[in-house]
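Student: Here it is, the structure in full.
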Amino acid sequence: MSGQFDLITLIALIVAVAAIIKLRSVLGHRTDDDEQRVERLRAREREASQRAGADAPSADVITMPRRDRDAAPAAPAAEAAGPSAETRINAYPVSNPDVTAGLLEVAKLDPEFDPESFVTGAGRAYEMIVSAFAEGNRRMLKDLLSKDVFDGFSSAIADREARGEVLDQQFVGIKKADIVDAEVKNGTAALTVRFISELISATRDKAGEVIAGDAQKIKDVTDIWIFSRDISSAKARGNPNWRLVATQAPN
C-alpha cells in the first residue's frame with residue numbers, strides 16, 4: 001500500500017519486570033467503555049480457544065500509512081478508485097466477525113481507513129515509544145501520547161531516575177500486531193491492538209549492576225492498547241491523529 005502518512009500519537013510499553021509492574025499501576029486508568037472492550041476481548045479469546053480445541057486434529061512524528069489515490073499513474077475511473085472500503089476490511093485477516101463489523105463501521109465514516117496501513121503505522125509508533133521510554137525522552141513522549149498516558153509514563157521515568165536506575169534496552173522487533181476489537185461510538189472510533197514484540201531489557205542500578213531483566217536474553221512482551229480518533233465529520237477527520245486512551249496487560 002502506497003501513500004501519505006497519518007500522524008499517530010499514542011502508545012507505550014514498559015519492559016523491565018519492575019518497570020512493567022510500576023507503569024501498569026500508574027496507567028491502569030480505564031473508562032467504563034474500556035472495561036467493556038477488554039471484557040469483550042477476553043470473552044472472544046476464550047471462545048476462540050474453545051473452538052480451536054474442538055476443531056484441532058488429533059522522528060518526533062510517527063506516521064501511519066493511508067491509501068493514496070493520487071500516487072498511482074492515471075487509470076480508468078473504476079480501476080483508479082481501488083478496492084472499496086468493504087473489500088479492504090473483508091480482506092483483513094480477522095477470525096472474529098464482530099471485529100470485522102466494527103472495522104466496517106469505522107470505514108463507513110472514514111472511507112480512507114485501511115486496517116493493514118493502520119497496523120503498520122502503529123507498529124512503527126510502538127518501537128519509537130518503547131525507545132523513548134527507555135531513554136527517558138519525555139519531550140518525544142509528550143508529542144506522541146495523550147496527556148493521561150504521558151503523565152503515567154513521566155511518573156514511571158521519574159521514579160526510575162530517583163532511584164538512580166537506567167533501563168538498558170534493545171528493541172528486537174514486532175512478531176505480531178493485530179486489531180482485536182473495533183467499534184464506533186458517538187462518532188469516535190476505538191481500535192484495540194494486541195502487540196507481541198521481542199525485547200532485550202535490563203534495569204541497572206547506580207553501580208551498573210543488573211537488578212531486573214536480562215541484558216543477554218530476548219523476551220517476548222505482549223501488550224494490548226486502545227486507540228481512539230474522532231471521525232464524526234469531515235472536519236474531525238482532517239485531524240489524522242489517533243490517541244492512546246488505555247493500556248492493558250493480557251491475563
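Student: Can you tell me which residue within the range 204-240, out of those that are surrounded by fewer than 18 Cβ atoms within 10 Å (Cβ to Cβ) and polar (S, T, N, Q), is nearest to residue 120 (Cα to Cα)?
Tutor: Looking at the filtered set, the residue picked out is 222.
Student: If you don't mind, there's one more thing I want to ask. Scan the range 206-233 residue by residue and report those that are within 24 Å of the chain's Cα centre (by Cα) and small (Gly, Ala, Ser).
Tutor: 213, 228, 232, 233
Student: Oh, and also: If you go through the range 102-115 one residue at a time, do you hit one that is modelled with pLDDT under 90 and within 20 Å of the chain's Cα centre (by Cα)? Let's see the steps before the verdict.
Tutor: Taking the range 102-115 first, the residues modelled with pLDDT under 90 are none.
For the range 102-115, residues modelled with pLDDT under 90 and within 20 Å of the chain's Cα centre (by Cα): absent.
Student: Quick one: is residue 201 crowded, with 18+ Cβ neighbours inside 10 Å, modelled with pLDDT of 95 or more, within 14 Å of residue 123 (Cα to Cα) and in contact with a strand residue (DSSP E or B) (Cβ under 8 Å, 6 or more places away or on another chain)? Spell out the reasoning first.
Tutor: On the way: crowded, with 18+ Cβ neighbours inside 10 Å: yes; modelled with pLDDT of 95 or more: yes; within 14 Å of residue 123 (Cα to Cα): no; in contact with a strand residue (DSSP E or B) (Cβ under 8 Å, 6 or more places away or on another chain): yes.
Taking the combined requirement at face value, the residue does not satisfy it.
Student: Do we find that residue 179 is more than 24 Å from residue 200 (Cβ to Cβ), at pLDDT 95 or above and either buried (at least 19 other Cβ atoms within 10 Å of the Cβ) or among the small types (Gly, Ala, Ser) (or both) in this structure?
Tutor: Working: more than 24 Å from residue 200 (Cβ to Cβ): yes; at pLDDT 95 or above: yes; either buried (at least 19 other Cβ atoms within 10 Å of the Cβ) or among the small types (Gly, Ala, Ser) (or both): yes.
So residue 179 passes the test.
Student: What residue, among those in the range 99-114 that are of a type outside the set (Gly, Ala, Ser) and in contact with a helix residue (DSSP H, G or I) (Cβ under 7 Å, 6 or more places away or on another chain), is surrounded by the most Cβ atoms within 10 Å (Cβ to Cβ)? Even if it seems obvious, please write down each step before you answer.
Tutor: Within the range 99-114, the subset of a type outside the set (Gly, Ala, Ser) is 99-100, 103-106, 108-114.
Going one step further and asking which of them are in contact with a helix residue (DSSP H, G or I) (Cβ under 7 Å, 6 or more places away or on another chain), we end up with 100, 103-104, 110-111, 113-114.
Details: 100: 19, 103: 28, 104: 17, 110: 20, 111: 13, 113: 25, 114: 25.
Applying the filter and picking the extreme gives 103.
Student: Hey, another quick one. Would you say residue 210 is out of contact with any Cys (no Cβ under 7 Å at 6 or more places or on another chain) and farther than 21 Å from residue 102 by Cα? Break it down into steps so the answer makes sense when it comes.
Tutor: On the way: out of contact with any Cys (no Cβ under 7 Å at 6 or more places or on another chain): yes; farther than 21 Å from residue 102 by Cα: yes.
In short, yes.
The values are calculated or read from the model by the stated rules, or taken from the named source; none is laboratory data. Just so it is clear, the structure is predicted and the values come from calculations on it, not from any experiment. Cβ atoms come from the backbone with ideal geometry, glycine included; neighbour counts cover every protein chain shown.
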